[in-house]
Amino acid sequence: MISLSGRQALAAMLALAQQRRGRFVPVRRLSRMIGASPHTLARIMLRLTAAGLTDALRGPGGGVRLARPAHEITLFEVVQEIDGPEVLNRCVLGLGTCDESEPCPLHLIWYPCRQQFRQLLTETTLADLIHRPSTLNQPKVPCT
């Protein structure tokens, strides 16, 4: 599933999305806002900056900010940048081989949930979480 670093990246991006547009936030302050280690968050933000999701400015008044408007950044982009392109294709039990030809014991149960989760992450932007947290699309069918 999503790693701790992936969850911290989402929290940091959401905190940045809530700031006034264009304002740089020091990584140390951002780390306090989300309850993460400044060192760990600095590494996460470097990756997000390299991916073009955030801008960084060194020196006094520097920090990080969103590189694009919050409505243009999906949750999946953030998670994928930290956890890799196969983030939602990994076995939920952590087994090496898990696919249609060699399913793990949870594969058939997890597969529909994974598809719904992928859809949620790809269709939800940072702005959606800020402006409409209670109106996000709910799964039409429980993933059981």
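Bear in mind these aren't lab numbers, they're just calculated from the coordinates by the rules spelled out. Treat the numbers as computed from the prediction; the structure is a model and nothing was measured. In this analysis, Cβ positions are derived from the backbone assuming ideal geometry, glycine residues included, and neighbour counts consider all displayed protein chains.
Here is how the numbers come out for the structure above:
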quantity	calculated
Filtered GluC sites (Glu not before Pro), segment 8-90: DSSP coil and at most 12 other beta carbons within 10 Å	Glu86
Nearest-0.05 FRET efficiency for Ser37 and Leu95, computed from C-beta distance (R0 25 Å)	0.25
Between 0 and 90°, nearest 10: helix 4-17 axis offset from the chain longest Cα axis	50
FRET E, pair Gln119, Gln18, Förster distance 25 Å, beta-carbon r, rounded to 0.05	0.55
Dipole magnitude of segment 4-131 about its Cα centre (Cβ charges: Lys, Arg +1; Asp, Glu -1), debye to nearest 20	980
Descending principal axes extents, the chain, alpha-carbon based, whole Å	55, 33, 24
Segment 41-110 shape via C-alpha gyration tensor axes, a/c threshold 1.5	prolate
Rounded to 10°, Cα long-axis angle of helix 38-50 versus longest principal axis of the chain	80
